[in-house]
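The values are calculated or read from the model by the stated rules, or taken from the named source; none is laboratory data. This one's a predicted model, so the numbers in the text were calculated from it and none came from an experiment. Don't worry about glycine lacking a Cβ; one is built from the backbone with ideal geometry, like all the others, and counts go over all protein chains shown. Ligands, DNA and RNA are stripped out before the accessible areas are found, and what is left, the full protein with its side chains, is counted by its heavy atoms. Shrake-Rupley method; radii C 1.70, N 1.55, O 1.52, S 1.80 Å.
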Amino acid sequence: MADAGRHPNIELITNANIENISGYVGNFNVTVTKKARFVDENECTACGDCVDVCPEVYPDEFELGLSSRKAIYQPFPQAVPSSFVINMDQCLGTTPIACGKCADACEKKCIDYDMQDEVIQLEVGTVIVATGMEVYDPTEIDEYGYRRYENVVTSLEFERLINSGGPTQGHLVRPTDYEMPETVAFIQCVGSRSVKRGNPYCSNICCMNTVKDSLMIKDHWPEVDVKVFYMDIRAFGKGFEDLYRQSKNRGTKYIRGIPGEIREDPETKNLILTVEDTLTGELQEHEVDMVVLAVGAVPRHDSAVVKKLLTLSTTSDGFFMEAHPKLLPVDAATKGVFFAGCAESPKDIKESVTQASAAASRANVLMAQGQISSEAITSVVAEEICSSCGLCVDVCPYHAIEVDKANKIPAQINEASCAGCGTCAAECPIQAIGMRHFEDQQIFAQIDAMLENDPEDKIVVFACNWCSYAGADTAGTSRLQYPANARLIRTMCSGRVDQRFILHAFAKGASMVLLSGCHFADCHYISANRWTQRRVERLWDKMEKKGIRPERLQLEWVSAAEGQKFATVMRAVEDLRTQVTAAEIQATQEALANA
Amino acid sequence: MSEKPSNGESGNGAPRVGVYVCQCGMNIAGTVDCEAVAEYASGLENVVVARTNKYSCSEPGQQIIKDDIRDHKLERVVVASCSPRLHEVTFRTAIKEAGLNPYVLEMANLREHCSWVHMEEPEAATQKARDLVSMAVARATLLEEQIEAVIPIARETLVIGGGIAGIQSALDLANAGYKVHLVEKEPSIGGIMAQIDKTYPTMDCSI
């Protein structure tokens, strides 16, 4: 922390909000509001004279309300910058008549009640999103009585209670009587791994945090009894199993079962846990002095702000989504933006540091070059055709398109953000969007050339560059034999394949059409293949209405590694092709000609 | 080799196309009748030169294409060989060296998608190869030049969030020489990490 505070290349802007971000990779324009702290952070020596005279007392946020602070305060002793701050909503008054005691007490005259918020404009090439996480609030789990029973605390509150810098100077006491507890129980997975309440995902850090807490208790107060109620202990990292074993050897009891209920003894304020030990099937009651709820990690409540400003996506758990789960794990889909730490998913300090260095490295790779070549294969709007309907905006996985529906201003493509999947071009109902290097007429020409002779023998295959075309390559390198009737047309993404391409192939007499793309999680354009699926489903309906058997259009997901699957699909589609009769093809051609 | 007179246009004002059917040693030629495919290609519209080649990706193979671009005033090039995922960059670079835009290249995949997967059916494979070349020529004729624009990149970074991750990213980039703006919502950096006493697995202080 201190290193970051004094580094000549780092400008610390604390107490600040990001107001706006515009621009694109290499050229982001950022507006930051640095809120007034009413104390000159460069002059303040953190002597504390002001705090002594301040009459206003409030709960201390850093101590999670377990102790108090004044209206002028330092967030915590090692804070960077090492400066006090006034919460103006709590300060009695900004004039000497109202109060002004702190300003009188400050010898260096650092306090300025008239300090204004400062608006800072930045121009940056890259952005690292390290917005972090919050801890789950277990109040909704009523049967655990958090907030009703004072001796039920969260794992983060417990952190402060055993911290030598915390409200009890690190003495382990329970909140009701400030006595050292004889027995402490930890309940795992509070707010995690539950589809009913909290979140379905594993929060990754709570098991080891509890193991650590149990060891700290045993280090300082070996006589305290520690019980951990768990469903699984996930000690998967380097050195983790060792700590878990140490914890057990030092006497911490691990009981496999999550308590169904906590009751408080109204006299002793002790807590009685009811639990089924799932290893023995036995129903047990445990009376303990204190309960620690090992609460999970949740996305920050205000992450939507950064999400919107940088046009990021989130996964179903609410954490930010990376551009590719395996190959681009710290890149955002928005070029020039990278993720570090728990903003992307819950992780411990080592993983956060690792990812932060990876994000820094990825940003460095971009900036070290000083310039980048933009993708040549991007979409282009024919403004004279565009009706400003905005359909393209909805389907673009990169949020690279803007349209002003109200003022009928045609769609604008931000070419620096466009990755070239072509989904917008395929979805545009009036062909107002073209796709460089994969233009409609180029693809129609390929279909026409393929079907010029004996079209009934041919299977028209559209394959995406990254997975399915590569899967066909893998079939080749593996020498997997399949019928010779199929001819592939490569597009960058299956999302590029317009309904009209498929109908054109049928109109030209093709027996079968196969559309093939990446498996859902593997799409190289984030989620473009979801639109492929929807489009094909719509087309199946349309075909049925026109009397064309929907089976003649097949949709398959084939990865680059699945040569075997590609060959199998080719054989299956060829089987289907042999069932298509000349009369059927003729009927199709007539149906499409009449449309 | 098939060659048409090269005195001027390909006939209709459309671009002049050269087609190179690669034998890939016997990898393609062992199954596909490459001479027949080149002969067929020479008859396609807009094609002014069509040749077979033992290894198109070799230096001499690329040189033949480059020479033809100059001698036959080629405007589009079709290489019918292996997968573009393998050698598209190779041939794009070659035609660029000969003065063409790299995007006026089209490849037909006669190896991974044809000769290697239809080894028992040389007739059908050869017919498929003809179709693949015909499709590639049709597409090549309509290809347009593309330009990769160069975007300058500001050598400064915004780090949003001053917890352990933001601090680490900021320090790494600052040490690499970049200007870093570390923006934190709270009055101090440190985040949740600063609230934690000891951290696993080393059980030491987090600050």
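Residues with amide H under 5 Å of A:Glu261's amide H, sequence separation 5 or more or different chain, H placed in the peptide plane at 1.01 Å from N; which?
For A:Glu261, the qualifying residues are A:Thr274.
Starting with the highest mean, order A:419-429, A:582-592 by the number of other Cβ atoms within 10 Å, averaged over the residues of each peptide.
Numbers: A:419-429: 24.5, A:582-592: 14.7.
Ranked by mean Cβ neighbours within 10 Å, highest first: A:419-429, A:582-592.
Could you point to the residue in A:Pro75, B:Ile64, A:Asn87 farthest towards the positive end of the protein assembly as shown's charge dipole, with +1 and -1 charges on the Cβ of Lys/Arg and Asp/Glu respectively?
B:Ile64
Under the Kirkwood approximation applied to all pairs of distinct alpha-carbon atoms, what is the hydrodynamic radius of chain B in Å? Could you put the intermediate results ahead of the total?
Values: mean 1/r = 0.0486 Å⁻¹.
It is 20.6 Å.
Evaluate 2.2 N^0.38 Å with N set to the residue count of the stretch A:2-123, then give the Cα radius of gyration divided by it.
1.19
Give me a single rounded figure for A:345-355: the average over its residues of other chain Cβ atoms within 10 Å of their Cβ.
Mean number of neighbouring Cβ atoms from other chains: 4.
In the stretch A:170-236, which trypsin sites (Lys or Arg not before Pro) fall in coil by DSSP and have 16 or fewer other Cβ atoms within 10 Å? Write out the running numbers ahead of the final one.
Values: sites: A:Arg193, A:Lys196, A:Arg197, A:Lys212, A:Lys218, A:Lys227, A:Arg234; in loops: A:Arg193, A:Lys196, A:Arg197, A:Arg234.
Here the sparse-neighbourhood loop sites are A:Lys196, A:Arg197.
Around A:Arg197, under 12 Å between beta carbons, what's the net of Lys plus Arg minus Asp minus Glu among the other residues?
Taking every Cβ under 12 Å from that of A:Arg197, the sum is -2.
Per-residue mean of other chain beta-carbon atoms within 10 angstrom of the beta-carbon, peptide A:26-34?
Averaged over the peptide's residues, the number is 3.
Considering the dipole of chain B built from charges on the beta carbon (Lys and Arg +1, Asp and Glu -1) around the Cα centre, which of B:Gly43, B:Met135, B:Thr157 is farthest to its positive end?
In chain B, that residue is B:Thr157.
For the stretch A:260-327, what is the convex hull volume of its Cα atoms per residue in Å³?
Cα-based convex hull of the stretch A:260-327, divided per residue, equals 162 Å³.
In percent, how large is the relative contact order of chain B, given Cα pairs closer than 8 Å and 6 or more residues apart?
The normalised contact order for chain B reaches 18 percent.
Can you run phi through the Karplus equation (6.51, -1.76, 1.60; θ = phi - 60°) for the stretch B:55-64 and list ³J(HN,Hα) in whole Hz, with x for Gly and Pro?
Each residue's phi maps through the Karplus curve to give 9, 5, 7, 5, 4, x, x, 5, 5, 4 Hz.
In nm, to one decimal, how far is the modelled label at A:Glu19 from the one at A:Gln284, with both set 7 Å along Cα→Cβ?
5.8 nm
Under the Karplus relation 6.51 cos²θ - 1.76 cosθ + 1.60, θ = phi - 60°, what is the ordered set of whole-Hz ³J(HN,Hα) values for the stretch A:527-532, x standing for Gly and Pro?
Result, ordered by residue: 9, 4, 6, 5, 6, 4 Hz.
May I ask you to give the percent of accessible area on the protein assembly as shown that is carbon plus sulfur, with a probe radius of 1.4 Å? Each step should come with its number before you reach the end.
On the way: 16360 of 33020 Å².
So the carbon and sulfur contribution to the accessible surface is 50 percent.
Can you show me the helix-derived [θ] at 222 nm for chain B, built from DSSP H runs with n ≥ 4 at -39,500 (n - 2.57) apiece and divided by the number of residues, rounded to the nearest 500.
Mean residue ellipticity, 222 nm, calculated: -10500 deg cm²/dmol.
About the Cα centre, and with charges only on the beta carbon of Lys, Arg (+1) and Asp, Glu (-1), how big is the dipole of chain A? Nearest 20 debye, please.
Details: 58 positive and 83 negative charges, 409 e Å.
Dipole about the Cα centre, nearest 20: 1960 debye.
Okay, helix-only estimate at 222 nm for chain A: each DSSP H run of n ≥ 4 adds -39500 (n - 2.57), divide by all residues, round to 500 deg cm²/dmol; what do you get? Walk me through the numbers on the way to the answer.
Working: 16 runs with 162 residues, N = 595.
So the calculated ellipticity at 222 nm is -8000 deg cm²/dmol.
Whole-Å semi-axes of the protein assembly as shown's equivalent ellipsoid, largest first, each the root of 5 times a Cα gyration tensor eigenvalue?
Sorted largest first and rounded, they come to 63, 32, 23 Å.
When Rg is the radius of gyration of the Cα atoms in the stretch A:439-594 and Rh is its Kirkwood radius, what does Rg/Rh come to?
On the way: Rg = 14.6 Å, Rh = 15.5 Å.
Computed over Cα atoms, the ratio is 0.95.
Of A:Lys508/B:Lys73; A:Lys307/A:Lys335; A:Lys196/B:Lys185; A:Lys212/A:Lys238; A:Lys218/A:Lys238; A:Lys458/B:Lys96, which pairs sit farther than 25 Å apart, going by alpha carbon to alpha carbon?
With Cα atoms farther than 25 Å apart: A:Lys508/B:Lys73; A:Lys196/B:Lys185; A:Lys458/B:Lys96.
Using alpha carbons only, how many angstrom separate the centre of the stretch A:355-413 from the centre of the stretch B:90-129?
32 Å
Note down the magnitude of the dipole of the stretch A:454-558 about its Cα centre, charges +1 on Lys and Arg C-beta and -1 on Asp and Glu C-beta and zero elsewhere, to the nearest 20 debye.
Dipole about the Cα centre, nearest 20: 340 debye.
For the stretch A:13-84, max minus min Cα coordinate along each principal axis, in Å, sorted largest first?
Between the extreme Cα coordinates on each principal axis of the stretch A:13-84 lie 48, 28, 20 Å.
Dividing the convex hull volume of the Cα atoms of the stretch A:376-437 by its residue count, what figure in Å³ per residue is obtained? Present the calculation step by step, with values, prior to reporting the outcome.
Details: hull volume 4.3 nm³, N = 62.
Dividing the Cα hull volume of the stretch A:376-437 by its residues yields 69 Å³.
To the nearest whole number, what is the average tally of beta carbon atoms from other chains within 10 Å of the beta carbons of peptide A:205-212?
Mean number of neighbouring Cβ atoms from other chains: 2.
Name the long-range amide H neighbours of B:Asn101: under 5 Å, sequence gap of 5 or more, or other chain; modelled H, no Pro or chain starts.
Sorted by chain and number, the residues that satisfy this come to none at all.
Students often forget the sequence filter, so: which aspartates and glutamates lie under 17 Å Cα-Cα from A:Lys101 once same-chain residues fewer than 8 apart are removed?
Within reach: A:Asp40, A:Asp49, A:Asp52, A:Glu56, A:Asp89, A:Asp112, A:Asp114.
For chain B, modelled as a Gaussian network with Cα springs under 10 Å, which listed residue fluctuates most, B:Ile28, B:Ile147, B:Ile95?
Evaluated over chain B, the most mobile residue of the options is B:Ile147.
Starting from the alpha-carbon convex hull of the stretch A:134-298, give the projected area averaged over all orientations, in nm².
9.4 nm²
Of A:Gly476, A:Ala449, A:Gly563, which is farthest towards the positive pole of the stretch A:439-594's charge dipole, taken about the Cα centre with +1 and -1 on the beta-carbons of Lys, Arg and Asp, Glu respectively?
The Cα lying farthest towards the positive end belongs to A:Gly563.
So what is the relative contact order of chain A, in percent, for Cα pairs below 8 Å that sit 6 or more residues apart?
Relative contact order of chain A: 10 percent.
To the nearest 20 Debye, how big is the dipole of the stretch A:376-437 about its Cα centre, given +1 on the beta carbon of each Lys and Arg and -1 on that of each Asp and Glu?
The calculation lands at about 60 debye.
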